[in-house]
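A.B. asks: I have a structure here, written as structure tokens, and I will follow up with some questions on it.
The values are calculated or read from the model by the stated rules, or taken from the named source; none is laboratory data. The structure presented is a predicted model; accordingly, all values stated were derived computationally and were not measured. Here Cβ is always computed from backbone atoms with ideal geometry, including for glycine, and neighbour counts include all displayed protein chains. Areas reflect the complete protein model, heavy atoms only, side chains present, ligands, DNA and RNA absent. Shrake-Rupley method; radii C 1.70, N 1.55, O 1.52, S 1.80 Å.
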Amino acid sequence: MKWYKKLHWQIIIGLILGLLWGLLSSVAGFNEFTSNYIRPFGDIFITLLKLIAVPLVLASLVVGVSSLNDMTKLSRMGGKTIGIYMVTTVFAITIGLTSVNVIQPGKTLPEETRTSLMESYGEGVQGRGDAAQQLLDQSPLQFIVDIVPENFFAAASDNGNMLQIVFVALLLGIGIVQIPIQKSQVLINVFEALNDVIIKIVDLIMKVAPYGVFALMAVVIIDLAGDDIGQALILLKALGWYCLAVIIGLLVHVFVVYSTLFKIFSKMKLRDFFRAIQPAILLGFSTSSSVATLPVTMERVEKNLGVEDEVSSFVLPVGATINMDGTSLYQAVAAVFIAQALGMDLTIAQQLIIVLTATLASIGAAGVPGAGIIMLVIVLQAIQVPLEGIALILGVDRILDMLRTSVNITGDAAVSVAVAYTEGLLGPLHLDDEDVE
């Protein structure tokens, strides 16, 4: 197969062309055209992915659970999943703190730039502070209560309630196991057929992925630059060291933590892992949504990484909701950066509080729209840094959101490989023509 016919190259080309169109649109004054006639195609693409996320999780998890004869295996797998997610999150936060303390980006920010950013983005802080306060006012165990839905159909209508879908699917699968096979087999066949159909729909949606990615990237650029690309360049230059601290932290986490994870729990090479799931990573980068990318992530993990569906259908939906390695690392860098920019020196104790708070917030704020910034509000309140400082980073938040979402998705897939290996449910790696250079 020629290189330009491979899916990951088509997505990369879409990203590059979207970047170029966004720049041209800002310079030539085409932003209204881009917003009115190109943005909708990106929105449709994301909506299509979200459309099939719930039925995919439901069907694949019911099939996976109903194939288990030993329920202790399911509970053991759940314990491993949550445990590994928590450990990698703590490592991510620690790496973020190390990066920001070594680079110290907040001390490079000029006074006039700080004042300008606070004036430009200060209005966007208040609403996020209110949302974070609502979370803090809840019981510490409220997130467990929220896992149990009052109405399954209401939960299924909201992709933010993915853990509720997982809960219902688990109950349904366990119930199927408890009845005679003569009665349960009909229902199992229905869910197996539904799962196969949805996988085919994913394949169809991926055929338009390059066009959707083009639209999404173009919109990101015009939203950042507006009508003056020069202002965007000034913003990126002013916050360049901050962005660098985040990016270095993310790279270290991926290549050190996940590489170590594979050495401990499987024989898979990191390079082969990336080649197998790169379309999912690229989609996560363009959509900034782990949930929207979930159908593609599940398909690549099962088809290419060899993870059995009873593992992937549990580990990946849970990860898309509570695993925020990239986001948690970002919280650590952002919190210390804001403190540095405001002339505050955080103590070791305060930075340990960041580790604890960001880890807990990654679970508690999981289903909330704009969870990254809301999590940051909670962290800043815990270390007594003024919330107004968030205005310093809002200008580049979308770009960093794309990067940290890619890391979140990478972490979801990596943990699914580790859990599958420990359960003896990891098949051979399969790199088809799309993934081989």
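A.B. asks: Please work out if Leu346 is part of a loop (DSSP other than H, G, I, E, B) and not basic (Lys, Arg). Step through it out loud before you land on a result.
C.D. replies: Numbers: part of a loop (DSSP other than H, G, I, E, B): yes; not basic (Lys, Arg): yes.
In short, yes.
A.B. asks: Please specify each residue of segment 153-168 satisfying the condition of being open to solvent by less than 60 Å² (accessible area, probe 1.4 Å) and either charged (D, E, K, R) or more than 21 Å from the chain's Cα centre (by Cα) (or both). Spell out how you get there, then give the answer.
C.D. replies: Taking segment 153-168 first, the residues open to solvent by less than 60 Å² (accessible area, probe 1.4 Å) are 154-156, 159-166, 168.
Ala154, Val168 - these are the residues of segment 153-168 that are open to solvent by less than 60 Å² (accessible area, probe 1.4 Å) and either charged (D, E, K, R) or more than 21 Å from the chain's Cα centre (by Cα) (or both).
Yes or no, residue by residue, for (1) surrounded by fewer than 23 Cβ atoms within 10 Å (Cβ to Cβ); (2) closer than 25 Å to Val219 by Cα; (3) within 20 Å of the chain's Cα centre (by Cα):
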residue	(1), (2), (3)
Lys2	yes, no, no
Trp9	yes, yes, no
Ile13	yes, yes, no
Leu17	yes, yes, no
Ser25	no, yes, no
Thr89	no, no, yes
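A.B. asks: Considering each of Ala420, Ala391 in turn, give the residue that is on the phi < 0 side of the Ramachandran plot and surrounded by 24 or more Cβ atoms within 10 Å (Cβ to Cβ).
C.D. replies: Numbers: Ala391 fails: surrounded by 24 or more Cβ atoms within 10 Å (Cβ to Cβ).
Unique residue meeting the criteria: Ala420.
A.B. asks: Among the candidates Ile95, Ile52, single out the residue that is open to solvent by less than 60 Å² (accessible area, probe 1.4 Å), part of a helix (DSSP H, G or I), closer than 18 Å to Ile205 by Cα and of a type outside the set (Gly, Ala, Ser).
C.D. replies: Values: Ile95 fails: closer than 18 Å to Ile205 by Cα.
The match here is Ile52.
A.B. asks: On the basis of being open to solvent by 10 Å² or more (accessible area, probe 1.4 Å) and either at pLDDT below 85 or in a helix (DSSP H, G or I) (or both), does Ala320 make the cut? It would help to see each step written out before you state the result.
C.D. replies: Values: open to solvent by 10 Å² or more (accessible area, probe 1.4 Å): yes; either at pLDDT below 85 or in a helix (DSSP H, G or I) (or both): yes.
Yes: the conditions hold for Ala320.
A.B. asks: Check whether at least one residue in segment 202-224 is acidic (Asp, Glu), open to solvent by 70 Å² or more (accessible area, probe 1.4 Å), assigned to a helix (DSSP H, G or I) and under 28 Å from Gly14 (Cβ atoms), and report yes or no.
C.D. replies: Step one: of segment 202-224, the residues acidic (Asp, Glu) are 203, 223.
Going one step further and asking which of them are open to solvent by 70 Å² or more (accessible area, probe 1.4 Å), we end up with 223.
Retained after the next criterion (residues that are assigned to a helix (DSSP H, G or I)): 223.
Going one step further and asking which of them are under 28 Å from Gly14 (Cβ atoms), we end up with 223.
Yes.
A.B. asks: Test Ile409 against the stated conditions and say whether it is without any contact (Cβ under 8 Å) to a residue 60 or more places away in the chain and either assigned to a helix (DSSP H, G or I) or crowded, with 22+ Cβ neighbours inside 10 Å (or both).
C.D. replies: Numbers: without any contact (Cβ under 8 Å) to a residue 60 or more places away in the chain: no; either assigned to a helix (DSSP H, G or I) or crowded, with 22+ Cβ neighbours inside 10 Å (or both): yes.
The answer is no for Ile409.
A.B. asks: Among the residues of segment 258-310, which ones are closer than 16 Å to Lys207 by Cα and of a type in the set (Asp, Glu)?
C.D. replies: Listed by number, the list holds a single entry, Glu299.
A.B. asks: In segment 326-354, which residues are open to solvent by 10 Å² or more (accessible area, probe 1.4 Å), farther than 18 Å from Thr108 by Cα and hydrophobic (A, V, I, L, M, F, W, C)?
C.D. replies: Once the filter is applied, which keeps residues that are open to solvent by 10 Å² or more (accessible area, probe 1.4 Å), farther than 18 Å from Thr108 by Cα and hydrophobic (A, V, I, L, M, F, W, C), segment 326-354 yields Ile348, Ala349, Leu352, Ile353.
Here's the yes/no breakdown for (1) under 29 Å from Ser99 (Cα atoms); (2) touching a Pro at 6+ places or on another chain (Cβ under 8 Å); (3) in contact (Cβ under 8 Å) with a residue 40 or more places away in the chain:
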{"residue": "Leu294", "(1), (2), (3)": "no, yes, yes"}
{"residue": "Glu299", "(1), (2), (3)": "no, no, yes"}
{"residue": "Asn304", "(1), (2), (3)": "no, no, yes"}
{"residue": "Gln331", "(1), (2), (3)": "yes, no, yes"}
{"residue": "Val355", "(1), (2), (3)": "yes, no, yes"}
{"residue": "Ser362", "(1), (2), (3)": "yes, no, yes"}
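A.B. asks: Residues in segment 169-190 that are among the hydrophobic types (A, V, I, L, M, F, W, C) and surrounded by 22 or more Cβ atoms within 10 Å (Cβ to Cβ): how many? Steps first, answer last, please.
C.D. replies: Going through segment 169-190, the residues among the hydrophobic types (A, V, I, L, M, F, W, C) turn out to be 169-172, 174, 176-177, 179, 181, 186-188, 190.
Next, only the ones that are surrounded by 22 or more Cβ atoms within 10 Å (Cβ to Cβ) stay: 169.
Qualifying residue count, segment 169-190: 1.
A.B. asks: Taking the condition of being hydrophobic (A, V, I, L, M, F, W, C), part of a helix (DSSP H, G or I), in contact (Cβ under 8 Å) with a residue 40 or more places away in the chain and closer than 26 Å to Thr98 by Cα, how many residues in segment 229-255 meet it?
C.D. replies: At the first step, the residues of segment 229-255 found to be hydrophobic (A, V, I, L, M, F, W, C) are 229, 232-236, 238-239, 241, 243-248, 250-252, 254-255.
Those still in the list that are part of a helix (DSSP H, G or I) too: 229, 232-236, 238, 241, 243-248, 250-252, 254-255.
Then keep just the ones that are in contact (Cβ under 8 Å) with a residue 40 or more places away in the chain; that gives 229, 232, 235-236, 238, 241, 243-248, 250, 252, 254.
Of the ones still in play, those that are also closer than 26 Å to Thr98 by Cα are 235-236, 238, 241, 243-248, 250, 252, 254.
So the count comes out to 13.
A.B. asks: If you scan segment 45-70, which residues turn out to be within 15 Å of Val315 (Cα to Cα) and among the polar types (S, T, N, Q)?
C.D. replies: Initially, segment 45-70 is screened for residues within 15 Å of Val315 (Cα to Cα), giving 53-54, 56-65.
Of everything in segment 45-70, just one residue is within 15 Å of Val315 (Cα to Cα) and among the polar types (S, T, N, Q), namely Ser60.
A.B. asks: I would also like to ask the following. Pick from segment 27-48 the residues that are of a type in the set (A, V, I, L, M, F, W, C) and over 19 Å from Leu204 (Cβ atoms): which of them is least open to solvent (accessible area, probe 1.4 Å)?
C.D. replies: Initially, segment 27-48 is screened for residues of a type in the set (A, V, I, L, M, F, W, C), giving 27-28, 30, 33, 38, 41, 44-46, 48.
Still in the running and over 19 Å from Leu204 (Cβ atoms): 27-28, 30, 33, 38.
Working: Val27: 108, Ala28: 53, Phe30: 85, Phe33: 103, Ile38: 19 Å².
Per the criteria, the residue is Ile38.
A.B. asks: Assess whether Leu74 counts as being modelled with pLDDT of 90 or more and closer than 29 Å to Gly173 by Cα. Break it down into steps so the answer makes sense when it comes.
C.D. replies: Numbers: modelled with pLDDT of 90 or more: no; closer than 29 Å to Gly173 by Cα: yes.
Criteria not met by Leu74.
A.B. asks: I'm trying to understand the selection: among the residues of segment 288-299, which are at pLDDT 90 or above and either within 14 Å of Phe45 (Cβ to Cβ) or surrounded by 24 or more Cβ atoms within 10 Å (Cβ to Cβ) (or both)? Spell out the reasoning first.
C.D. replies: Going residue by residue through segment 288-299, those that are at pLDDT 90 or above are 293-299.
Thr293, Leu294, Pro295, Val296, Thr297, Met298, listed by residue number.
A.B. asks: Does segment 260-271 hold any residues that are surrounded by 15 or more Cβ atoms within 10 Å (Cβ to Cβ) and either assigned to a helix (DSSP H, G or I) or under 22 Å from the mean Cα position of the chain (by Cα) (or both), and which are they? Full working, then the answer.
C.D. replies: Applying the first criterion (surrounded by 15 or more Cβ atoms within 10 Å (Cβ to Cβ)) to segment 260-271 yields 261-262, 265-266, 268, 270.
Hits for segment 260-271 are Leu261, Phe262, Phe265, Leu270.
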